[in-house]
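The values are calculated or read from the model by the stated rules, or taken from the named source; none is laboratory data. Predicted model only: the values in this text are computed from it and were never measured. Glycine also receives a Cβ, built like all others from the backbone with ideal geometry; neighbour counts cover every protein chain displayed. Ligands, DNA and RNA are stripped out before the accessible areas are found, and what is left, the full protein with its side chains, is counted by its heavy atoms. Shrake-Rupley method; radii C 1.70, N 1.55, O 1.52, S 1.80 Å.
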Amino acid sequence: MNIAGALEIELAGERVLLLPQKALYWPRLELLAIADIHFGKAAAFRSFGIPVPRGTTTENLDALDALIDATGATHVLFLGDFLHARAAHAAGTQAAMLAWRVRRKDLVLTLVRGNHDQHAGDPAAVLGIDLVDEPYTVGPFSFCHHPELEDSAPGYVLAGHVHPAYVLATRFDALRLPCFLAGPKRMILPSFGAFTGGHSVRPDIDERVWVTSGDAVHEVRPGSVR
């Protein structure tokens, strides 16, 4: 499979693709893993009177469509924080999501509940999403929201929650990019959502980092760019 900018690696004995659009694809099961999409986050801010851009739900759905078409995924698995808050149940947000689901009616959708999902409530049943709790184990992988479950999950953990980003710095400039952060027992995916931000991470000595520019994924060696 040739997806522009993607990087193929081996993880837990499986071939996976790290995608520049901040997602992971498992070709053997045609499974696309998405972390922290946070539908309705902008609506939640607006409900408190904070002026933020509209259209993030459509932007997220368009990004999902592009990845599904590029990979041929038949299963999308969300690693928690599908909904940001109860404001995500607003009529406009729900209508956009339902219209998307009607177009993608044959797609299998699974949500591993995250901390925001506990507060926001489950997605509407009409969206046809299978709801599971972490860890949700398939083959060698345990799909989670919280990466700290690496010590108790039965498989190699794929998680979100952190929204990891890595700072590439020289003597004269710095650039912070979303990243995949992998240790011996877990990988943390970057946040997929269009309005989610990022948290700068400092990798441990046994961790690997892959950054995405949006066009391509590259591995970086911590401390090599200064």
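Here the spin labels are modelled as points 7 Å beyond Cα on the Cα-Cβ line, and at residue 96 and residue 29 they lie 2.9 nm apart. Sorting 142, 152, 200 by solvent-accessible area of protein heavy atoms yields 152, 200, 142, largest first, with a 1.4 Å probe.
Using a simple spin-label model with pseudo-atoms 7 Å out from Cα toward Cβ, residue 68 and residue 175 lie 3.2 nm apart. In region 96-218, taking the dipole from charged Cβ atoms about the Cα centre, the farthest positive-side position among 191, 164, 214 is held by 214.
What FRET efficiency, computed as 1/(1 + (r/R0)^6) with R0 = 30 Å and r the Cβ-Cβ distance, is obtained for residue 75 and residue 204, rounded to the nearest 0.05? The partial results should precede the final answer.
On the way: r = 31 Å, r/R0 = 1.05.
Computed FRET efficiency for residue 75 and residue 204: 0.45.
Of 8, 30, 207, which has the most accessible area with a 1.4 Å probe, and how do the rest follow in descending order? Numbers along the way, then the final one.
Values: 8 100, 30 80, 207 20 Å².
The ordering from most to least exposed comes out as 8, 30, 207.
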